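Read through the structure below, which is laid out as structure tokens, and then see the notes.
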Amino acid sequence: MKHPNFLFTRFFFILLLIFPGVLFAQNSNCTIVVPEAPLTAAGLATPYQLKATDPNDGNGPCSETDANSSAFVQAAIFDPATDQISIYNPLVIDQGSTPAIPPVTPTVPDHAVVALWFGFNGNNLTQEGADASVLQDNACVNGLPGNVFGQYSYCNAAAFFRVANRAIRMGKLVVPDLGVAKDGLPCPTVRDFYVVDQDQSDNLPVTYLITAGGLLAQNNQANAAALTGATVLGNPSDNGLLDRFLDPALGCTPWKVSDLADPGQNVPGLALNELQARAHQRAPMALIPAGDPMALDADGGTDLTKVNAYRRGVDQPQVRGYWQADTARYCRNMLRIAPARLLLDQAWLLAGKSPVPTASNLFTFLAQRLASSYDILGCANLVNLPDPVSVVTDQTGFALSATINLPLYTRCRRYLAPYQRDDDSVSKSDTDAAAVTE
């Protein structure tokens, strides 16, 4: 296993190819301060504060307005009286600053089960409680002791998914069907090998408003009307990629529920995406692999304890052995599925907007993301196949175009064919394990 510093260097280099601006980020290792009672109405409406994890590391402060080091928070609220879910997006601001407009205080139902998820545009986001007991009291998970996941963390997610899945099993919470995309295939999910990258499900479909003066506000109708000229800041991959970019390009509609910060409006959510994927994603189902860089141990080695901690936060089945989270199998399925559907959907994706300003369109962004994931996971060595996807960039790192080498891809598919039966067998086990059995 390669040393973690090597893994980080390679991951950071590839990140620069996708997001060149990260080179100039004020700081890519930040801490988010979780307020007191974060699962209550008052706690949800209290702005989270972003600061540098080590203010003396020479990398400067962390700034929420810097798109390369912005943090995001999303809450899902399960109402046991109605068995329905609502969403609330708490606000993140720089430590010591104030919001442009104070967050809306949501109405949280009695006995509601509330969970939180965190996303980050930098490298490592560390949770810190406003007091010593906040993280423990609210079942907050940031990785393992001394070894954070990276961009992703959560609070109380396991309890939320437990009650939501029970309601689904009893027929009280209905998960919408995926629908059919323009290409005639089922609309994609966050567990589709067409969508996933090397560290799936670690970003949020959350956006904030930034005023010309650099202050933050929740992105709701009232604030957008009041803050003329404000720009939108988002978390551009995984859940946000699916809900805000890929679904519209393919004629699909994400599952949306009531937004408690924007009365009368519905919004998508990480929790909704994961529940829908668990219910409707056909095999093979993409689940966190052991080689996910955010699930590695402090020395860069595989660690099933951390894999399972990651999976619990996004409602994925736990693993007992490394074969259940085999990175080579993840690579094989990604190679079988993603390039083929990229080619099928190329016309629609070329017309789609890139989630980041460093790619010419949605097709180029997805192709570059796939190529980077193939490299970060070490797929070429694990499956003994070169990457059939290539991307042309200019001198600034802007992705101009992408190409899938068809003769090479055909050879890849032929080479992978003997593995199909065994991979399908494990995929069926994954799908069975993802079925609600409580």
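Using only Cα coordinates, the Kirkwood hydrodynamic radius of region 29-89 works out to 13.5 Å.
Relative to the longest principal axis of the Cα atoms of the chain, the long axis of helix 157-169 lies at roughly 70 degrees.
Recomputing Cα extents along the principal axes in Å from the coordinates shown identifies the correct label among (1) 90, 54, 47; (2) 57, 54, 42; (3) 81, 46, 37 as (2). Listed cross-link partners Lys353/Lys428; Lys172/Lys353; Lys306/Lys353; Lys172/Lys256; Lys182/Lys353; Lys256/Lys353 are compared with a 28 Å cut-off, the Cα-Cα value being larger for Lys353/Lys428; Lys172/Lys353; Lys306/Lys353. Considering the chain as a Gaussian network with a 10 Å cut-off on Cα pairs, which listed residue, Pro102, Pro418, Pro263, attains the greatest mean-square fluctuation? Among Pro102, Pro418, Pro263, the largest GNM mean-square fluctuation belongs to Pro418.
Could you order His280, His111 so the one with the most accessible surface comes first? Probe is 1.4 Å.
Numbers: His280 55, His111 165 Å².
In descending accessible area the options line up as His111, His280.
For region 60-209, the fraction of alpha-carbon pairs lying more than 21 Å apart is 56 percent, rounded to a whole number. Please state, to two decimals, what the Cα-based radius of gyration of region 341-438 comes to when divided by 2.2 N^0.38 Å (N = residues). Ratio of Cα Rg to 2.2 N^0.38 Å: 1.31.
Each 10 Å bin, from zero up to the one with the longest distance, holds this percent of the alpha carbon pairs of region 136-187: 20, 26, 27, 23, 4. Semi-axes of the equivalent ellipsoid of region 169-311 are 29, 22, 14 Å, computed as sqrt(5λ) over the eigenvalues of the C-alpha gyration tensor in descending order. Positive end of the dipole of region 268-328 (Cβ unit charges, origin at the Cα centre): among Val307, Ala271, Gly321, the Cα lying farthest that way belongs to Ala271. Rolling a 1.4 Å probe over the protein heavy atoms leaves Val391 with an accessible area of roughly 40 Å². Straight-line cross-link reach from Lys51 at under 18 Å between alpha-carbon atoms covers no lysines, not counting any fewer than eight positions away in the same chain.
Placing a pseudo-label 7 Å from each Cα along the Cα-to-Cβ vector at Arg320 and Arg421 gives an inter-label distance of 2.5 nm.
Under 11 Å from the Cβ of Asn220, count the other residues' Cβ atoms, weight Lys and Arg +1, Asp and Glu -1, and hand me the total. Summing Lys and Arg as +1 and Asp and Glu as -1 gives -2.
Take Met170: with every protein chain present and a 1.4 Å probe, its accessible area is about 110 Å². Spin-label model, Met170 to Lys182: label points 7 Å out along the Cα-to-beta-carbon direction sit 4.2 nm apart.
A probe of 1.4 angstrom, applied to the heavy atoms of all protein chains, finds Glu274 with accessible area near 0 square angstrom. Going by accessible surface with a 1.4 Å probe and the largest first, Arg166, Arg332, Arg414 read Arg414, Arg166, Arg332. Among the cysteines of the chain, those with no neighbouring cysteine Cβ under 4.7 Å are Cys412.
The values are calculated or read from the model by the stated rules, or taken from the named source; none is laboratory data. In this text, all values refer to a predicted model and were calculated from it rather than measured experimentally. No Cβ is skipped: glycine too gets one built from the backbone with ideal geometry, and neighbour counts run over all protein chains shown. The accessibility values were calculated without ligands, DNA or RNA, using every heavy atom of the protein model including side chains. Shrake-Rupley method; radii C 1.70, N 1.55, O 1.52, S 1.80 Å.
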